[in-house]
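A short worksheet on the structure shown next.
The values are calculated or read from the model by the stated rules, or taken from the named source; none is laboratory data. The structure displayed is predicted, hence computed values, not measured ones. Methodologically, a virtual Cβ is constructed for each residue, glycine included, from the backbone with ideal geometry; neighbour enumeration extends over all protein chains shown.
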Amino acid sequence: MEVKKIKAPLSDEDILELKAGDNVLISGVIYTARDAAHKKLIALLDKKKALPLDLKGQIIYYVGPTPAKPGQVIGSAGPTTSGRMDAYTPRMLEKGMKACIGKGFRNQAVKEALQKYKGIYLAAVGGAGALLSKKIKKSEVVAYPELGAEAIHRLEVEDFPATVVNDAYGKDLYLEGARAYARQEYSVKPKA
Amino acid sequence: MRELAVATITETVAAMCQDANIYLGKDVAEALKSSLETEESPTGKEVLKQLIDNLEIAANEQIPICQDTGFAVFFVEIGQEVHLQGGTLEEAVNAGVRKGYSEGYLRKSIVDDPLYERKNTGDNTPAVIYTDLVPGDKVKISFAPKGGGSENMSAVKMLKPADGEKGLVDFVVTQVKSAGPNPCPPIVVGVGIGGTFDRVAVSAKKALFRPLGQPHPNSKYADLEKKILAKINDLGVGPQGFGGRTFALAVHIETFPSHIASMAAAVNINCHASRHLERII
């Protein structure tokens, strides 16, 4: 299986190289944010206030890790369901975010924003929290420590495995992958 | 009458919380390994490999398989000849959850008020506890830490008796298909049939506690489990929804008698980290 190595943060050129279905290994600096942190970031944008981090080129990882044991960098740290961040993602992309890592369906507005602002949506393997934690070499809280597991962390990652689900060209691995292997069809729309 | 100190229940529960979250049961681990042999998609195989490696890393490092260490769900069977001493069962189980989740560095994922404050209780309590009084002088505790992502993809539907097997199969397969990648496939599908609106959901939950590979004792339902599993895997959704053969590892059905006017049905989805443990005291 072919794997592309990418270095975070990302440029538009990096994004345009990647297609739905590509398997990547990410190295560099990424940031975590899930429900509560997104809510706070968007509230700042609404008030036209500065964010606690510059989103330009960044990869945001939707994760709420388990507490680190003494001597560990981070606890178990797999992706959470991305759909809960759909309401916030277009604004994040508008502010320069280039990619987000989670698992599960995105809505149409997110897919369109990925095309408009040149971004990608990546999925890491949900439930592989122990394996993924070993790819995280350093972790520090950079904003909202009061949110605990939901605080924004700056992570240094090395060869963090993920798969491109939605690319900047409008392709969707969840639709195409299932179509390629389907033996029958139940005509239902995926949940937004 | 056998006397049993509730402190014993607390200690047992605390150990179960840690063990269930760190070590995946052999039944599920074996199912993942055998699906690696039948999976056709290269990306699907890679996902399954990561999941199998993940189990080893979790055990070696003594960290949870998944960061979502779940809502603590218990089915407790209490022998009628047991007298619990020193407190209530509910307090004892919750004290065990508190201890297990804190000492085990497990994530605390429970908020007190579901609609407004949503403030974390800080210790993963309260647990969801179902109790049954049974003959004998033992206490059997079954525990499953239930992840939120897969729970969110579950559903109850009040089918009509005339909907029959086809209606039931359509409901389950469409529900699972609409869940797609969200519940972390390969999934385990718990199906409840019969009973009331509330009882059918409990049946579906209970179905997730059955060891994988153990079919329903009634051959008609065992065949139906196989049939639904084949249909689900024919959807092609595959591991993590990236496309492939392995969307589900198993379908388990639990039934309950039904009202003449009803055929309640429930689908409770579990992720591949289908954690469940049993202890008898």
Any hit, segment A:106-114, residues being modelled with pLDDT of 95 or more, more than 7 Å from chain B (Cβ to nearest Cβ) and touching a Pro at 6+ places or on another chain (Cβ under 6 Å): yes
Any strands (runs of 3 or more DSSP E) falling wholly within segment A:1-70 and containing at least 1 residues that are closer than 30 Å to B:Gly70 by Cα and under 15 Å from the mean Cα position of the chain (by Cα): A:23-32, A:59-61
Pairs, first in contact (Cβ under 8 Å) with a residue 60 or more places away in the chain and surrounded by fewer than 17 Cβ atoms within 10 Å (Cβ to Cβ) in segment B:83-94, second assigned to a helix (DSSP H, G or I) and of a type in the set (Ser, Thr, Tyr), C-beta under 9 Å, six or more apart: B:Gly87/B:Thr10; B:Glu91/B:Thr10
Sole exception among (1) closer than 21 Å to B:Gly180 by Cβ; (2) at pLDDT 95 or above for B:Ser274, by number: (2)
Within segment A:149-175, tally of residues that are more than 7 Å from chain B (Cβ to nearest Cβ) and at pLDDT below 95: 2
Hits in segment B:167-192 (condition: part of a loop (DSSP other than H, G, I, E, B) and not hydrophobic (A, V, I, L, M, F, W, C)): B:Gly180, B:Pro181, B:Asn182, B:Pro183, B:Pro185, B:Pro186
Extreme residue, surrounded by the most Cβ atoms within 10 Å (Cβ to Cβ), among residues of segment B:204-237 that are touching a Pro at 6+ places or on another chain (Cβ under 7 Å) and of a type outside the set (Val, Ile, Thr): B:Glu225
Test: residue in segment B:183-194 that is surrounded by fewer than 22 Cβ atoms within 10 Å (Cβ to Cβ) and not polar (S, T, N, Q): yes
Residue check, B:Gly213 in contact with a helix residue (DSSP H, G or I) (Cβ under 9 Å, 6 or more places away or on another chain), in a loop (DSSP other than H, G, I, E, B) and at pLDDT below 95: yes
Residue in segment B:139-148 that is buried (at least 18 other Cβ atoms within 10 Å of the Cβ), β-branched (Val, Ile, Thr) and either modelled with pLDDT under 95 or under 25 Å from A:Ile74 (Cα atoms) (or both) present: no
Residues located in segment B:218-261, provided they are assigned to a helix (DSSP H, G or I) and acidic (Asp, Glu): B:Asp223, B:Glu225, B:Asp234
Among the candidates A:Gly102, A:Gly75, A:Gly126, residue that is at negative phi, crowded, with 24+ Cβ neighbours inside 10 Å and in a strand (DSSP E or B): A:Gly102
B:Thr69, sole failed condition from (1) within 14 Å of chain A (Cβ to nearest Cβ); (2) at pLDDT below 95; (3) under 17 Å from the mean Cα position of the chain (by Cα): (2)
Residue satisfying all of: in segment A:176-191; surrounded by fewer than 17 Cβ atoms within 10 Å (Cβ to Cβ) and touching an Asp or Glu at 6+ places or on another chain (Cβ under 8 Å); modelled with the highest pLDDT among these: A:Ala182
Count - residues of segment A:133-161 that are out of contact with any Pro (no Cβ under 8 Å at 6 or more places or on another chain) and without any contact (Cβ under 8 Å) to a residue 60 or more places away in the chain: 6
Flag for B:Lys119 being basic (Lys, Arg) and within 12 Å of chain A (Cβ to nearest Cβ): yes
